[in-house]
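Below is one structure, written out as structure tokens, with a few remarks after it.
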Amino acid sequence: MSDPMKKKESFFQSDGFQSLLASLICILLGLLIGFIVLLFINPSGAAGAIGAVIKNFLNYSRAALQLKNLGNTLVKTAPLLMCSLSVLFCYKVGLFNIGAAGQYVVGACISIYAALAWGLPWWLCLLLAILVGGIYGAIVGVLKAYCNVNEVISGIMLNWIGLYTTNMILTGVKESTSPYTLHLRDYAPQSVLPNMGLAGLFAGNEYVSIAIPLAIIIAVAIKVILDKTRFGYELKATGYNKNAAKYAGMAEQRNIIVTLAIGGALAACGGAFLYLTDYELWEVTTSAVPGMGFNGIAAAFLGGLNPVGTIFSSYFIQHITSGGAYVDKNLYSSQISDLISAIIIYLCGFVGFMKLTMKKLNASKAAQDIAANNANAEPAGQDASKEKPADGSESKTEEGGKA
Amino acid sequence: MAAEKSAAVQNEPYAIEMLHITKRFPGIIANDDISLQLRKGEIHALLGENGAGKSTLMSVLFGLYQPEEGEIRKNGQKVVIRDPNDANDLGIGMVHQHFKLVECFSVLDNIILGVEPTTKGGFLHKAEAREKVIALSEKYGLHVDPDAIIEDITVGMQQRTEILKMLYRDNEILIFDEPTAVLTPQEIEELMQIMKNLAAEGKSILFISHKLNEIMSVADRCSVLRKGKYIGTVNIADTTAEGLSAMMVGRNVNFHVEKSPAHPTDVVLEVKDMVVASKTHANNAVKGVSFNVRKGEIVCIAGIDGNGQTELVYGLSGLEPVKSGTITLNGKDITHLSIRKRSTSGMSHIPEDRHKHGLVLDYSLENNIVLERYFEPEFTSKAGFLRKDNIRKYAEKIIEEYDVRSGQGPITIARSMSGGNQQKAIVGREIDKNPDLLIAVQPTRGLDVGAIEGIHKQLVNLRDEGKGVLLVSLELDEVMDVSDRILVMYEGEIVGEVDPKNTTVEELGLYMAGAKRDEVKA
């Protein structure tokens with residue numbers, strides 16, 4: 001235990017730093033591959049296009065416009081962060097919540113409908129979305145806990161069920177001449193998330209709301225719950241080894257359901273965080289599950305599966321996604337922005353692999369270091385406190401051994 | 001005979017030599033300048049306590065780890081083993097403690113896995129392989145049916161399949177990693193004979209074990225490791241089991257459990273007509289078992305593995321529901337209570353499978369030590385936050401009292417600890433709960449004599465404090481030595497109750513094999 005050989009772990013070898021490094025390498029690789037793809041399609045504009053993606057709001061030269069567009073990116077970062085927290089939370093308990101995408105849609109649906117059809121205030125819309133999202137997530141949990149249905153299968157199915165139910169429900173509150181839902185600002189101003197003066201910080205961008213600080217607070221809260229509470233201890237134990245959790249008397253079936261309910265609530269809250277700003281309108285002819293929940297998976301991994309890390313990774317992914325809009329459409333077709341951000345996000349999923357590779361490289365390097373060190377200094381006897389040299393019997397046998 | 005043979009073997013050249021191997025991990029020197037020389041045709045035992053570095057040394061030989069210092073020689077030539085494929089090319093094969101077999105494949109399919117004989121068109125061509133397997137099986141007296149499906153055959157037969165895998169690949173150096181841990185006494189005898197046959201045919205065998213009597217009966221020489229250091233190599237003919245154990249532990253070990261006669265008092269556990277369903281077949285695994293355990297006695301459930309002991313314990317601990325019957329703990333009916341309630345009612349349980357049930361391997365040692373107590377006010381505040389300082393203090397206490405050794409103390413990840421120390425942590429955790437009834441299932445499985453002695457002592461202490469102990473064990477020595485009363489289980493029923501003082505291992509064996517039974521009314 002008090003081994004003199006034990007090297008103090010330097011900051012650079014700490015798990016956190018290694019995660020960060022792995023994430024950065026993945027981002028760079030993603031940018032590089034995106035750049036190569038652009039080179040193939042049209043070499044002349046590749047550098048400019050990838051630059052535009054990275055610059056995002058900095059493509060504008062006026063400070064006010066920059067701030068306003070930074071605000072727009074943040075507005076969409078909040079729901080992404082919530083989705084990635086949903087994925088992360090379930091992942092810590094050993095569950096892969098691919099259903100976050102559908103739970104996000106359900107959150108959007110409930111908040112929009114509660115706002116427009118019932119005229120509820122914003123906080124009630126938000127709470128209802130969280131509640132229904134939680135129930136929606138719990139369905140996956142019940143199926144998993146009691147019928148042993150894989151959460152990925154039921155999650156994917158419920159994504160589609162959620163999407164089409166949403167389209168159906170929201171048809172009742174859409175504009176008569178278009179497939180979009182009504183503007184909350186015009187028809188249900190009481191349900192728009194307040195901005196508490198945040199708009200002023202972003203050059204009057206009225207979409208910037210309390211959703212952004214709330215999402216960050218929730219991320220920190222998730223971190224605290226997982227690391228510091230009895231609840232988190234139980235959930236992680238269940239995730240790591242559900243047999244041991246059962247043996248220790250934890251209600252492992254209940255834990256699965258509770259976890260997925262929380263995951264559902266987080267993702268649904270994300271849906272409400274976006275649509276209650278009125279920044280986007282739901283299109284009732286949507287025929288694909290929105291990518292927000294899926295991007296949440298990438299954000300969770302890019303953030304090193306750390307709730308605080310996901311704050312930054314979510315921003316980055318949204319930054320790239322929004323930045324895609326600035327690619328020169330004269331040189332590239334309009335889908336290219338999505339393609340480039342998709343490539344980068346795809347590479348973000350490789351963080352775990354990258355971390356493992358770095359670990360292996362480190363280990364072989366450390367082995368060489370130790371060998372080199374050892375040539376100079378012979379370490380003191382290990383575990384001296386415990387070991388009492390044995391008496392005669394030992395030296396006798398040692399002689400026998402050498403013979 | 002044994003002496004003659006080892007004399008002949010002594011003149012053989014070294015098949016494999018590991019010279020001055022040093023391997024370090026963060027916080028620990030797993031192998032510190034260890035040398036091991038294996039002669040052609042000898043059975044060389046490698047002995048050491050849990051965590052002495054045996055597994056690490058074998059992993060180095062198998063190419064799983066690269067040593068920082070030292071070299072490996074084969075037939076005197078220096079070789080570099082980068083990965084298990086290199087080891088295989090050099091003719092080194094290993095029977096792991098946990099078999100690496102495909103359960104739903106036949107014996108033959110498992111043997112040829114990875115080296116499948118194919119025709120030019122890419123079709124399997126098994127006839128030839130089959131003949132070779134049958135020939136090998138006969139030559140070494142293995143008697144394995146090549147067409148049997150792995151999940152249908154006994155653990156002993158599965159092990160022979162592993163041995164055939166090595167032979168099929170023409171391996172010359174065979175490593176057996178604690179091969180007897182999973183076998184019945186009869187199977188152990190047969191394995192010993194097989195090992196002797198293999199050595200007689202010129203194979204070199206490295207036999208990792210801490211069962212001294214097995215080493216004494218089968219090995220030619222024995223190398224001993226202790227705490228990562230090389231202690232010495234001795235000829236088995238020149239030593240005794242006591243001598244070996246002193247070398248291994250560094251002190252003299254008492255093989256016999258010292259205990260005063262039991263003074264059992266009130267009944268603490270009463271089981272009536274308990275039936276537990278089987279997960280693997282339609283019959284019940286436990287068929288209406290009745291017995292009791294009193295305060296101040298150690299009751300042992302003996303039997304050959306797979307006769308319902310596991311399910312019996314699952315039923316008692318609540319891991320599986322009981323189909324019918326009643327369980328009473330301290331006069332309270334706990335038949336349908338949750339696992340948590342049983343635990344807080346005074347039941348402790350050292351599980352059979354420490355990796356599956358006993359530990360969350362990815363949790364730190366301290367988190368594992370509070371696995372069943374984390375919710376108590378001492379470890380969780382009213383608001384639901386963990387009291388990490390108290391958890392650390394408590395973990396340090398258990399680590400100290402039960403001599404749990406690990407690289408980084410309380411924050412060591414359980415997965416990185418040696419099996420024996422993992423077990424010590426579990427035993428400490430369960431005993432320190434101060435239970436009225438301790439159910440200990442194979443508590444010394446895979447442990448060295450020093451650790452076994454310690455655990456046996458703790459069981460006896462618990463008994464002397466007036467607690468009830470239900471010990472489930474497959475080790476006959478343990479059954480005879482530790483218990484005050486023995487119940488023998490055969491095919492889901494209790495077929496005999498004997499007093500260890502008035503019985504013999506042979507009589508127990510008859511009960512265990514189903515050849516003898518009493519009408520037991522416990």
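Descriptive notes on the structure:
- What separates the Cα centres of the range A:211-283 and the range B:414-428 is a distance of 32 Å.
- Under 15 Å from B:LYS78, Cα to Cα: aspartates and glutamates that are on another chain or at least 8 residues apart: B:GLU17, B:GLU69, B:ASP86, B:ASP89
- Histogram of C-alpha separations across the range A:176-260, 5 Å bin width, %: 3, 12, 13, 12, 10, 9, 9, 10, 10, 7, 4, 1, 0
- Eligible lysines near B:LYS100 by straight Cα distance, threshold 19 Å, same-chain separation 8 or greater: B:LYS165, B:LYS356
- Which of A:ALA268, A:GLY137, A:GLY232, positive extreme of dipole for the range A:62-331 (C-beta unit charges): A:GLY232
- Other residues lying with their Cβ under 14 Å from the Cβ of A:GLY264 contribute a combined charge of 0, Lys and Arg counting +1, Asp and Glu -1.
- Residue order for B:LYS323, A:LYS68, B:LYS120, fewest other beta carbons within 10 angstrom first, comes to B:LYS120, B:LYS323, A:LYS68.
- Each of A:LYS92, B:LYS382 has some number of other Cβ atoms within 10 Å of its Cβ, and from fewest to most they run B:LYS382, A:LYS92.
- Anisotropy class of the range B:254-398 from Cα gyration tensor, a/c 1.5 cut: prolate
- R0 of 35 Å, Cβ-Cβ distance B:LYS100-B:GLU506: FRET efficiency to nearest 0.05: 0.45
- Charge dipole (chain A, unit charges on Cβ, about Cα centre) - positive-most of A:GLY45, A:LEU347, A:ALA300: A:ALA300
- Dipole in debye (nearest 20) - the range B:296-367, about Cα centre, beta carbon charges: Lys, Arg +1; Asp, Glu -1: 320 debye
- Sequence-distant lysines (8 or more away, or on other chains) whose Cα lies within less than 22 Å of B:LYS272: B:LYS287, B:LYS295, B:LYS323, B:LYS332, B:LYS341, B:LYS467, B:LYS521
- Average projection area in nm² (convex hull over Cα atoms of the range A:62-331, one quarter of hull surface): 15.4 nm²
- Scaling against 2.2 N^0.38 Å puts the C-alpha radius of gyration of the range A:211-294 at 1.41.
- Of the Cα atoms belonging to the range A:33-169, the radius of gyration and Dmax stand at 19.8, 58 Å.
- Averaging over all projection directions, the Cα-based convex hull of the range B:6-121 occupies 10.6 nm² in the image plane.
- When the alpha carbon gyration tensor of the range B:161-217 is reduced to an equivalent ellipsoid, its three semi-axes come out at 19, 12, 11 angstrom, largest first.
- Rounded to two decimals, the Cα radius of gyration of chain B over 2.2 N^0.38 Å is 1.02.
- About the Cα centre, charge dipole magnitude for the protein assembly as shown (Lys/Arg +1, Asp/Glu -1 at Cβ), debye: 3080 debye
- Pairs of lysines in the range A:62-331 whose Cα atoms sit within less than 29 Å of one another amount to 25, provided the residues are eight or more positions apart or on different chains.
- Dipole of the protein assembly as shown, positive end: most advanced residue of A:LEU361, B:ASN50, A:GLY197 [Cβ charges, Cα centre]: A:GLY197
- Three-way shape label, the range B:342-409, alpha-carbon gyration tensor, a/c 1.5: oblate
- Whether the range B:375-449 is rounded, prolate or oblate, judged on the alpha carbon gyration tensor where a/c under 1.5 counts as rounded: oblate
- Rounded FRET efficiency, nearest 0.05, which uses the C-beta distance separating B:GLU201 from B:ALA237 and R0 of 30 Å: 0.90
- Principal-axis tilt of helix A:336-348 within chain A, Cα atoms, nearest 10 degrees: 30 degrees
- DSSP beta bridges in the protein assembly as shown [antiparallel fraction, %, rounded to 5]: 60 percent
- Put a dot 7 Å past the Cα of A:PHE17, heading toward its Cβ, do the same for A:ILE161, and the two dots end up 4.9 nm apart.
- Pairs of Cα atoms in the protein assembly as shown fall into 10 Å distance bins, from 0 up to the last occupied one, in shares of 2, 10, 16, 19, 19, 15, 10, 6, 2, 0, 0 percent.
- Chain B, dipole about Cα centre (Lys/Arg Cβ +1, Asp/Glu Cβ -1), debye to the nearest 20: 1320 debye
- FRET efficiency, B:ARG251 to B:THR118 (Cβ-Cβ, R0 56 Å, nearest 0.05): 0.50
None of the figures in this text is laboratory data; all of them are computed from the coordinates on show. Everything numeric in this text was worked out from a predicted model, so none of it was measured. Virtual Cβ from ideal backbone geometry, glycine too; neighbours counted across all protein chains shown.
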